[in-house]
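Please treat every number below as a calculation from the coordinates, not as lab data. A quick note: this is a predicted structure, and the numbers were derived from the prediction, not measured. Every residue, glycine among them, receives a Cβ derived from its backbone with ideal geometry; neighbour counts consider all protein chains shown.
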Amino acid sequence: MINETSSHDQSGSTLRGQTVVVVGGSAGIGLETARRAHAEGAKVILTARNPEPLERAAREVDAISTVAFDATDFKLLDKFFDDLPSQVDHVLVTGPGPYYAPLAEFDFERARQDIESHLLLPIQVARNARNRVRPGGTLLFMGGTGGRSTATGMVLISALTAALPAMAKNLALELAPIRVNVIAAGFVDTPLSAQLLGETIEDRRNQLRTMLPIRRVVESADVAALAIHIMTNTALTGATYDIDGGQQLVSM
Ligand SMILES: NC(=O)c1ccc[n+]([C@@H]2O[C@H](COP(=O)([O-])OP(=O)(O)OC[C@H]3O[C@@H](n4cnc5c(N)ncnc54)[C@H](OP(=O)(O)O)[C@@H]3O)[C@@H](O)[C@H]2O)c1
């Protein structure tokens with residue numbers, strides 16, 4: 001039986017006493033969600049590949065533990081879940097960025113890795129969640145809206161973008177009463193975006209400030225707020241939530 005009061009305690013702190021795992025929690029959307037979860041009274045467990053930024057992030061959010069490993073190494077991923085000291089309440093998976101390339105430059109080895117990162121990783125997390133996430137807790141995966149449009153170079157990312165919401169629906173049924181959802185983000189101002197855009201990032205921000213219906217750039221904090229809402233609203237499962245400031249409504 002799910003404890004229906006567990007997500008909203010009397011003090012109004014929605015995550016108080018709950019444990020939130022962030023796979024890919026040392027930067028960007030993952031770190032910001034960890035910050036917010038900590039501020040809401042959650043205990044936080046962080047993972048990422050590089051130990052130093054991970055330890056810095058862990059100190060900032062007072063993480064109860066950290067493990068540095070590549071989440072696409074499924075042996076290490078299984079070990080991470082096996083080693084968790086007790087059941088957790090929520091798991092957010094951020095991690096690997098996208099791969100896109102025009103057909104002439106398409107690298108099949110990178111594409112295979114990308115399929116592992118974006119299709120098989122959620123399935124492997126879901127297999128582990130059966131024993132490790134409490135009934136009514138959440139699995140939350142990061143997807144995107146950019147891959148819904150068509151353009152040269154988008155052949156794989158468009159397929160993966162369409163696949164994740166379909167997978168989440170099926171996982172939500174199979175893992176019930178654990179809840180499974182996807183956040184589909186447009187441009188978010190994170191270290192990943194800075195890395196992908198290089199010195200053109202400020203131009204992109206200015207373009208977004210002018211063109212987006214919200215007249216500002218979407219930040220990690222916006223996505224983190226949505227992630228916390230999905231963790232705490234126990235009616236939500238099997239769905240994909242867009243957060244793009246209206247980017248899909250304008251051509252840019
Ligand atoms: N930013 C955007 O505009 C945007 C839009 C739509 C979707 N997304 C998706 O949202 C997710 C997070 O994006 P972000 O912008 O927050 O990225 P970010 O700023 O690069 O942060 C990614 C985090 O994940 C960790 N990570 C990356 N690869 C990993 C792996 N293989 N195993 C374990 N940890 C890994 C990184 O640390 P280490 O490098 O140390 O591992 C870091 O902590 C990505 O999947 C991205 O594709 C982002």
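Which of the numbered conditions does T161 fail, given that it passes all the others? Conditions: (1) part of a helix (DSSP H, G or I); (2) over 20 Å from the mean Cα position of the chain (by Cα); (3) within 14 Å of the ligand (Cβ to nearest atom).
The one condition T161 does not meet is (2).
Yes or no: D203 within 17 Å of G28 (Cα to Cα) and either in contact with a Ser or Thr (Cβ under 6 Å, 6 or more places away or on another chain) or not aliphatic (A, V, I, L, M) (or both)?
No.
Please count how many residues of region 165-190 are of a type in the set (A, V, I, L, M) and under 22 Å from A27 (Cα atoms).
5
Could you tell me whether any residue of region 200-220 is in a helix (DSSP H, G or I), in contact with a strand residue (DSSP E or B) (Cβ under 9 Å, 6 or more places away or on another chain), surrounded by 14 or more Cβ atoms within 10 Å (Cβ to Cβ) and among the small types (G, A, S)?
Looking through region 200-220, at least one residue is in a helix (DSSP H, G or I), in contact with a strand residue (DSSP E or B) (Cβ under 9 Å, 6 or more places away or on another chain), surrounded by 14 or more Cβ atoms within 10 Å (Cβ to Cβ) and among the small types (G, A, S).
Mind counting the residues in region 62-78 that are under 18 Å from T19 (Cα atoms) and not aliphatic (A, V, I, L, M)?
3
How about region 138-153: which of its residues are of a type outside the set (S, T, N, Q) and under 15 Å from the mean Cα position of the chain (by Cα)?
Listed by number, the residues that qualify are L139, L140, F141, M142, G143, G144.
Considering every residue within region 136-158, establish whether at least one is out of contact with any helix residue (DSSP H, G or I) (no Cβ under 7 Å at 6 or more places or on another chain) and over 17 Å from Y100 (Cβ atoms).
Within region 136-158, one or more residues are out of contact with any helix residue (DSSP H, G or I) (no Cβ under 7 Å at 6 or more places or on another chain) and over 17 Å from Y100 (Cβ atoms).
Please name all residue pairs, on different chains or six or more residues apart, with Cβ atoms under 7 Å, provided the first residue is in region 181-193 and is closer than 23 Å to T237 by Cβ and more than 6 Å from the ligand (Cβ to nearest atom) and the second residue is part of a strand (DSSP E or B) and among the small types (G, A, S).
From region 181-193, the pairs are V182/G143; I183/G143; A184/G143; A184/G144.
Residue under question is L54, and the condition is that it be within 13 Å of the ligand (Cβ to nearest atom) and not in a helix (DSSP H, G or I); does it hold?
no
Tell me the residue from V250, V223, V188 that is more than 23 Å from V88 (Cα to Cα) and touching an Asp or Glu at 6+ places or on another chain (Cβ under 9 Å), please.
V188
Scan (1) in contact with a helix residue (DSSP H, G or I) (Cβ under 7 Å, 6 or more places away or on another chain); (2) more than 23 Å from A221 (Cβ to Cβ) for the single condition V182 breaks and write down its number.
(2)
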